[in-house]
Each structure stands twice: as structure tokens, then as C-alpha cells.
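Here's the structure, in C-alpha cells; my notes come after.
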Amino acid sequence: MKMSRIISIAWGNMKQRRLRTSLTTLGVVIGITAIIGLASLGEGFRLEIRNRMQQGFELDILIVIPGSFTTGLGEFEPQEVSRVRNVSGAASVAPLMTLPRTRLLNEEGEPLNALTVAGVNFQELAQMLPERLAPLEGSIPSAGENNTIVLGYKACFLNESTRLVNVGDNVTVQFGAAPYNVTKELKVAAILEKSGTSGITNFDYWAFIPANTTFSLMKREVYNIILVKVSDVEESEEVGRNVEAVFDNPYSVSVLVPLAFMRQVDRILNIVQIFLMSIASISLLVAGIGIMNIMTVSVMERTREIGILKAIGAKSRTVLTMFLAEAMLIGLIGGLIGMLTGYGISYGFAYGLSNLIQSQQSSEVAYRTQNPERLSINPVFSPEWTVIAFVFAIVVCVVFGLYPARKAAKLDPVNALRYE
Amino acid sequence: MAKILEVREVQKSYQIGKIAVPALRGVSFDVKEGEFLAIFGPSGSGKSTLLHLMGGLDRPDTGEIIVDGDNLQKLSDDVLAELRLRKIGFVFQFFNLLPRLTALRNVELPLTIAGVPERQGLEKAASLLKLMGLEARMDHRPSELSGGEQQRVAMARALVNSPKIVLADEPTGNLDTKTGWEIVQLMQRLNKEKGQTFIIITHDPHIAETADRMIFLKDGLVEAVKEAPRRNA
């Protein structure tokens, strides 16, 4: 018997029992809706988290520090820095020297709010972190301007209303222990925009001075942080290993790879996603049991019909296929509808959720990233998940349809014909 | 004439609870090709069991049944199904039409199972329904047909695959006498015109009398065989 005829007969049988078929299919619809909905919503959620983290973390920048958090910090020699510059996969390199025991004073002798004073090459750093070193006032000094300072936004304020320093003012740098006999006058070249919290640190409390100035203050030419911008984010770990390898003792440096952290978060989100999906899958299994139940009843009701089919020459396999075709059609239709409703519901949810989070966010007063943008979860249409869910629907239906279908196929024709 | 069907020492019993109830206790006879045979007997004599065995719907406990040269004992279930499809047509007391399908689709069903293309199958089914005088009733469902009409649809279905043997189990048992006679006459006409072998089971002696030969079954044994004088003459 041809498959197309078997399917059309199965379809006829299903139409005959419209209400029953619809209710059975509804179970599959709910299961697939849950799976697809969670998959697309979860994927959208994951992407949003990833985006947010990318904004905050500057994933493409590796942070190289001497020593480790536990062994204490050391210093980098200039030749070590130049070796890092030659590492393959590094697009640009910016070394920093953060000065210990340093105070900044304005023209009135009041200390500025700068927590960290770092010697840098302004242009190098501005190129690497253009968004972080965006001047609010003034401009980033060029390489030649030595006696200048760039201040983070909050370094210039005592509180919201009291401003300590303006562009063009002079700032005194006091270095070393009291009575601060090593000092230096620098001119404020730029005040930076608020950059907010970030993966590296909060530059709002930083002050940047030329690297040469730090060398002269310290009387040594050393650095203690090297920022490495990688040309391909995905190769972060690789570049990190290359950086370690240029040092005589790779154990003497720590390379922080933000991507590795990201990946870990990604893995966690993945596990959560799979967990949610497996819960959703349970509803599909329940639907499968519903199919088994209904088909078993259906086989009993149609016992005589099965007997007739067998008497006029239908093979057991044909009867089996006929019932499996019904189960398959339920899976197919339920899967298709479930896919549509799944995506529909996930868009609805995403919209509602985004609004909810947005209203919560605006009511809080706290440090946010530069622009506390509206959190937007966009459900992701994933072809893989769609195909998997669809196949899963059909497989579940066929598997649960197998028992009643086999029961039908095994019916003894003589008994089946006698069945009233 | 060649033998189309042989029944050899067939025994069959049914298990009812723990007791084995014998239905057939060693039955043997031959059926010639083109013969119109009546198997006659009271209820419980094993007639229906015998018919099921001859049609390959069931298997005997012992003995052999040979249909058109094939020993049914040696055939697998699938091959038996194939044999029922190609060589045997069944007509039942309760018609056994599929209620959801129209008369035409009911008749086409065996062709569908045989994989005959739909258009060709419907043509063949329609021509048989015409032969049965049902051209006006083709698109009716069984529930919209009278008993006699339903039985003629069932006959058309039995004949649509051009089987060598038609097995009829009390075909008139659920019809009034007049309609029953019409059905029997139709069968005899087809038997003469197409040369197909008909084996009908009946407990109506008048119908049994019209056959070429009558096998009288009682308590699972052949009690008598009676040749009709009309054909032999």
C-alpha cells in the first residue's frame, strides 16, 4: 500500500474524530510552544547578557600584570613591553604605570578625588580605549605635550556640586611619603566623560599623566600594567598564552582574559537553558502519553475495522503504519502550530519583560554603564532548535503511538471481526 | 475440473477458559474450480471456523488447507494477507463495510491495499458497483444503504480484486428472505458468468439446495455430501 494513501486514510480517520484529535494535538502544541518559547527567549536573554558584558568588559583587551594577585605585584621592564608589542595577534599594546602613594592638589591646595594616578602614552591609550578616554572638556594631549594631565570625571569633583578643577588649571602631583618632597606641576588638558563601572576599573577616579613624568618621579623606567588589544576576540586565550611566552619566566605574569570569563558565564547560561528546556520537554512527554491513551482507545473502538482491513488483505505492517501515520500527523501538526505559538509567545514575553525591567531600572539611582540603555531581550529564531523541537515532537508522538499501533497490528483478524 | 481448494483432516479447537472446545474434528473435502459449494449446518457445527480457515484468517491445529496450490500452513502471516488480497474475496453476514467510507471507496479499498493507482481503482470499483446495480448509490455511506444494498456493496468489494474464490459467511443471514434470494441469485449469476468459485455458508436449507454441491457439517464433522442433480445433468 502506498504511503500517500495510508496518510490520507489516517488523515480521514483523524478528521472523523475532530474533537479528540484536536485535544490530543493541543498537548503537543503546548509542549512545543514551551520548548520553542524557552529556547528563543533563553537565547535572546543570553545574547543580551553577552552584549551587556561586552560593553562593560572590553572583551578584546587583555590585562597583563606582573606577578599575581597572591604573590604581590612586580614591574615590567621596557624591553619586556616591547616584546609584548611583537606578540602575534596583538593589534595594539598600551603599557601603564600606576603610581603608588601619590596625591593630586588643585591650585588652592585641595586634594583631588583621584584614586589612581597612571603614567601612560595618551595617544596610545586613547586609540585603544576611545570610548573610555573621550574628553568631556579639553582634548587628549598629543605625544609631545609632556607636562599635562587628563582627569577622570569624578576626580574633578568633591561632590555633585563642588568642582575642584577646570581645564587649563595647574595640578600639583605629590609623590612618595610625607613631607612629599617630590612634586611636579601639570596642566589639566582634558576632563573625561563619565565612563561608569567597567571590567578593568572605573576610570572616573583615575588621573592620567605622561609616562615620562612617572619615570622622572620614580627615577626608574618601569610599568606595572600592560593592556593588549587582540585583533580577534575569539583568539583571546591564544594571544594570552603568546604574551605569557615572551616573558623569561611565564609564571611571573598574570594575563587576565575577559573572554574566558565570558565563556564561563556563557556555559552557565547554557546549562540553565538546557535545564529549562528539559522541564519544557516533560510537557511534551505528557502529550505523548495523551497520544498513547487516545490511540489505545481508538484501536479498541476500531477493532472491527482493523479486522475487516486484515480480512481483505491488509498486512500487519500496513495496519501498523496506518496508526503510526496518525501519531506522526499529530506530531507534525502539533509541532507546526507549537512553533508558531512558541515564537509568538516568546516575543510577547520579551516585550513585557523588557518593559518591566526598564521601569525598574529607571527608578533606581545607581552607577550604570555610560548610557543605561533599555534592556532589550530579543527572542532569537534558532533554526537548529526549531528543527530539533519539530523532530522531537514527531519522535515522541511516533514512539508513544507505537504501543497502540502494534496492538492494532497484532489483532487476530477472526477475533477482531467478531468484536462488537 | 481442477481442484482449487483442498481441506485435509482439519482439526481446530478453541480455548474457552481452561476447556478446549473442539470446533472442527477432522474435516476433509475438495472444491473444484468454478464450483458453487454450500456448507450447510446448524449453528455451532463449525461452519464459520471452517470458512475462516479456508480464507487464511486463522490456522488449523492439525491438517492442511491447500488453496490454489499453496499450503496455507507453510505461509507466513504476510504471505497469507497477500493471498487473501489476491485470491480470496470475503462476504460477511454483517456486511462489514467501513462506515466512514462511501460505497465506492469501500469497494476500492482492496485495490488501495494492493497499491493500484487511485483513478484506476475507482474506475474498477465503479464498474463492479454497476454490475451490482448500484450505480446510483456509489457515493452513499453504508448507513444510507439498505441491507441488501450493503451486501451488494460487500460483494463488489469481494470481487474487485478478481479473486479465484469467494467465501461467503451467511451472506443472507441478516437480510429478509426476498433480498436474501436476490443476493444468492446474484452470486450464482456471477459464478456462471465469471467462473469464480463460490463457497457459501448457510443454515438455510433452501439456499443450500441451490448449490452445485452441499456439504452438511455437524459437530465439527462432515456428515453428508450432496450433489445437486441440476448441474450434473
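Just so it is clear, none of the values below were taken in a lab; they were calculated from the coordinates. Fair warning: this is a prediction, and the values are worked out from it, not measured in the lab. Quick reminder, even Gly has a Cβ in these numbers, built from the backbone with ideal geometry, and neighbours come from all protein chains shown.
Couple of notes before you dig in:
- Per-residue shielding of A:245-258, expressed as the average number of other chain Cβ atoms within 10 Å of the residue Cβ, stands at 0.
- For chain A, size of Cβ-based charge dipole, Lys and Arg +1, Asp and Glu -1, in debye: 3160 debye
- Cα gyration tensor category, rounded, prolate or oblate, for the range A:209-269 with a/c compared to 1.5: prolate
- Across all directions, the average projected area of the convex hull around the alpha carbons of the range B:3-232 is 12.7 nm².
- Candidates A:404, A:95, A:258, ranked by Gaussian network fluctuation over chain A, Cα under 10 Å, top entry: A:404
- This ranking places A:295, A:128 by how few other beta-carbon atoms lie within 10 Å of each, fewest first, which gives A:128, A:295.
- Relative compactness, chain A, computed as alpha-carbon Rg over 2.2 N^0.38 Å: 1.57
- Principal-axis tilt of helix A:316-363 within chain A, Cα atoms, nearest 10 degrees: 30 degrees
- Applying the criteria of a DSSP loop state and at most 16 other Cβ atoms within 10 Å to the trypsin sites (Lys or Arg not before Pro) of the range A:205-248 yields A:219, A:220.
- Computed magnitude of the charge dipole of the range B:109-233 (debye, nearest 20; Cβ of K, R +1, Cβ of D, E -1): 440 debye
- Secondary-structure-derived ellipticity at 222 nm for chain B, considering helices only, amounts to -11000 deg cm²/dmol, per-run term -39500 (n - 2.57) for DSSP H runs with n ≥ 4.
- For peptide A:404-414, the mean count of partner chain Cβ atoms within 10 Å of a residue's Cβ comes to 2.
- Long-range Cα-Cα pairs in the range A:100-210 (distance over 18 Å), rounded percent: 43 percent
- Positive-end residue, chain A charge dipole about Cα centroid, Cβ charges, pick of A:378, A:12, A:231: A:12
- Ranked by the mean number of other Cβ atoms within 10 Å of their residues, highest first, the peptides A:25-37, B:28-40, B:71-83 come out as A:25-37, B:28-40, B:71-83.
- Crossing angle, helix A:258-301 versus chain A [Cα axis fit, 0-90 degrees, rounded to tens]: 10 degrees
- Remark on residue B:221: its backbone amide H falls under 5 Å from those of B:25, a criterion applied only to residues 5 or more positions apart or on other chains, H modelled at 1.01 Å from N.
- For A:11-23, mean number of other protein chain Cβ atoms within 10 Å: 1
- Long-range HN-HN contacts of residue A:99 with modeled amide H, under 5 Å: A:117, A:118, A:119
- The residue among A:414, A:155, A:86 whose Cα reaches farthest toward the positive pole of the charge dipole of the protein assembly as shown, with charges on the beta-carbon of Lys, Arg, Asp and Glu, is A:414.
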